[in-house]
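Notes follow the structure.
Read the figures in this text as sums done on the coordinates, not as results from a lab. Since the structure is predicted, the reported quantities are computational estimates derived from the model, not experimental observations. No Cβ is skipped: glycine too gets one built from the backbone with ideal geometry, and neighbour counts run over all protein chains shown.
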Amino acid sequence: MSPVAPVSESEAVDKTAQTYGRIKEMLGSDTIPEPFLYYGRVPAFLQDFYMNVKKFVYTDGKLDAKLKALIALCVARSMHCKMWIDPLTERCKSLGYSDQELADALAIVSTCYMYNIFFKFRDIAGSDVFGGMSVGLRAHAFGNTSLDDKTVELINVVISDINACKPCTSGHVTKARDLKIPDEAIQEAIQCAATIAAGCTFLNSVDE
């Protein structure tokens, strides 16, 4: 049994109750999404997460809130966090993404994982032999989806960073810059991803 139980709105007091109120205001909702109820068990984490998600996921910044929602969903899917996948899918649809675009984003995440595994192996194998061999992996999904090139590259940067693939992260940052994506926007994509990754890690640990 998990040691972390959700804190309902009726049970919340002090800082947790105050933060719940701010979350409902941010979302324009009368209810608190399930993930926040689990974070409520640790008020400091709840407050940090709320502040980070408000700034880096739910509002416009160097990237617009629509693109941030898609990046957040890609992270939640990559981390298999159902408690965030469902509300972020709903948010993406409410902001105008089609089912096809969401499927295409998942294809980009999956293809990026494939390349991350391959190129990270090359990087850490301790031998130059593999660098001279053909990659041999098809990756047409990178250039054949309904998503624009900038969106694809930001997803690739984020997923490559999560998977700690140095050559892939470096390569996709270069491509993003070639597409005239400002460095501040690239960093904001990482801040968005880092925020959701923290929330997913907490919840995945709860589910174990």
* **FRET efficiency estimate (nearest 0.05) - Cβ-Cβ, Thr59 to Ala17, R0 30 angstrom** => 0.85
* Over what distance in Å are the Cα centres of the range 133-149 and the range 9-52 separated? -> 40
* To do: Anything over 23 Å Cα to Cα? Flag those among Lys15/Lys66; Lys15/Lys62; Lys68/Lys175; Lys24/Lys93; Lys62/Lys93, in the order listed.
  => Lys15/Lys66; Lys15/Lys62
* Asked: What spacing in nm lies between the two simple spin-label points modelled at Val4 and Ala103, each 7 Å away from Cα in the Cβ direction?
  -> 3.4
* **Pairwise FRET efficiency - Thr174 versus Ile124, Cβ, R0 = 25 Å, nearest 0.05** => 0.75
* In debye, nearest 20: dipole of the chain around its Cα centre with unit charges on the Cβ of K, R (+) and D, E (-)? -> 340
* Take the alpha-carbon positions of the range 21-120, form their convex hull, and give its projected area averaged over all directions (one quarter of the hull surface) in nm². => 7.5
* Asked: Looking at the P(r) of the chain, how many percent of alpha-carbon pairs lie beyond 30 Å?
  -> 27
* Structure fact -> Checking every Cys Cβ in the chain against the others at 4.7 Å leaves as unpaired Cys74, Cys92, Cys112, Cys192
